[in-house]
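In what follows, a single structure is set out as structure tokens and then discussed.
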Amino acid sequence: MTKKRIIFCDFDGTITVNDNIVAIMKHFKPEGWDTLVDQVISKQISIREGVGRMFALLPTSMKQEVIDYAIGNVTIRAGFQELLDYCRKEAITFLVTSGGIDFFVYPVLSEFAIPKENIYCNGSDFGGDRIRITWPHACDSHCSNDCGMCKTTIIRSYPAEEYHRILIGDSVTDFEGAKLVDTVFARSHLVQMCEELGLPYDKYEDFYDVINRLEEMKVK
Ligand code: MG
Ligand code: ZN
């Protein structure tokens, strides 16, 4: 029996052209945000710690501004709707696995027909003085990366014996997942990581590239 295909698709810098967390920080420039980004990229601190501390720099009085800015500045990468259509036609399960935050991930995706239970991201709490990020999908006992939103935990719940697992991503939040799956679609930093580790990958610029490659893989 052929394996079922499943896609784990990143959000920031993948479904959207920009990285929304970086865009929010660059726009509001809370003191110290840039050091935290550098520390995450250089792996001095975990993604969870970095993202949590970055948002904690922003007062919750700015809630509406931050949300409006995040949602208003999103550009969807070309071919996304077509990829969703293709997945439906081919019975490929499509999951959004995002290291982003609920207050921009869900509104941006609301124009697409993706069931809410197929979208994984971090949460947020505006109840205190500062924005607090919550982690409903933290790492399981197999992952010591302190991801925040742990893609490998989700990927592991779809066993390799049953599923052909496909990851689409661009950056640090995709590194650990890329090591696990059968097929990696990469752009940007994820290309460099795959090169460095000698992991096979397919490069994409937009989702039409992904569709074309999935179609080729099917006939093979
Ligand atoms: Mg990304
Ligand atoms: Zn993890």
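Of note:
- Screening Met54 on (1) within 14 Å of ligand 1 (Cβ to nearest atom); (2) among the aliphatic types (A, V, I, L, M); (3) under 19 Å from Gly148 (Cα atoms) shows it passes everything except condition (1).
- Subset of the stretch 107-148 (residues that are within 16 Å of ligand 1 (Cβ to nearest atom), of a type in the set (Val, Ile, Thr) and not in a strand (DSSP E or B)): Val108
- Some residue of the stretch 159-175 being crowded, with 19+ Cβ neighbours inside 10 Å and assigned to a loop (DSSP other than H, G, I, E, B): yes
- The set of residues in the stretch 1-52 being of a type outside the set (A, V, I, L, M, F, W, C), within 16 Å of ligand 2 (Cβ to nearest atom) and within 15 Å of the chain's Cα centre (by Cα) consists of Asp10, Arg48.
- For the stretch 93-109, the candidate set comprises residues that are hydroxyl-bearing (Ser, Thr, Tyr) and surrounded by fewer than 24 Cβ atoms within 10 Å (Cβ to Cβ); within that set, the residue that is farthest from Cys121 (Cα to Cα) is Thr93.
- Within the stretch 64-72, not a single residue is under 17 Å from the mean Cα position of the chain (by Cα), part of a loop (DSSP other than H, G, I, E, B) and within 16 Å of ligand 1 (Cβ to nearest atom).
- Residues of the stretch 132-158 classified as free of Cβ contacts under 8 Å to residues at least 60 places away in the same chain, over 24 Å from Glu195 (Cα atoms) and surrounded by fewer than 17 Cβ atoms within 10 Å (Cβ to Cβ), total: 6
- Filtering the stretch 176-203 to residues that are in a helix (DSSP H, G or I) and in contact (Cβ under 8 Å) with a residue 12 or more places away in the chain leaves Glu176, Gly177, Ala178, His189, Leu190, Val191, Met193, Cys194, Leu197.
- For the stretch 1-54, a residue qualifies if it is hydroxyl-bearing (Ser, Thr, Tyr), without any contact (Cβ under 8 Å) to a residue 12 or more places away in the chain and not in a loop (DSSP other than H, G, I, E, B), and exactly one does: Thr35.
- The one condition from (1) charged (D, E, K, R); (2) in contact (Cβ under 8 Å) with a residue 40 or more places away in the chain; (3) under 16 Å from Leu95 (Cβ atoms) that Asp206 does not meet is (3).
- Test: residue in the stretch 147-154 that is closer than 16 Å to Ser46 by Cα and more than 13 Å from ligand 2 (Cβ to nearest atom): no
- Verdict on Leu197 being over 22 Å from Val51 (Cα atoms), within 12 Å of ligand 2 (Cβ to nearest atom) and hydrophobic (A, V, I, L, M, F, W, C): no
Coordinate-derived values only; no laboratory data. Computed from a prediction, not measured in an experiment: that's the story for all the values here. All Cβ positions, glycine included, derive from the backbone under ideal geometry; neighbour counts span all protein chains shown.
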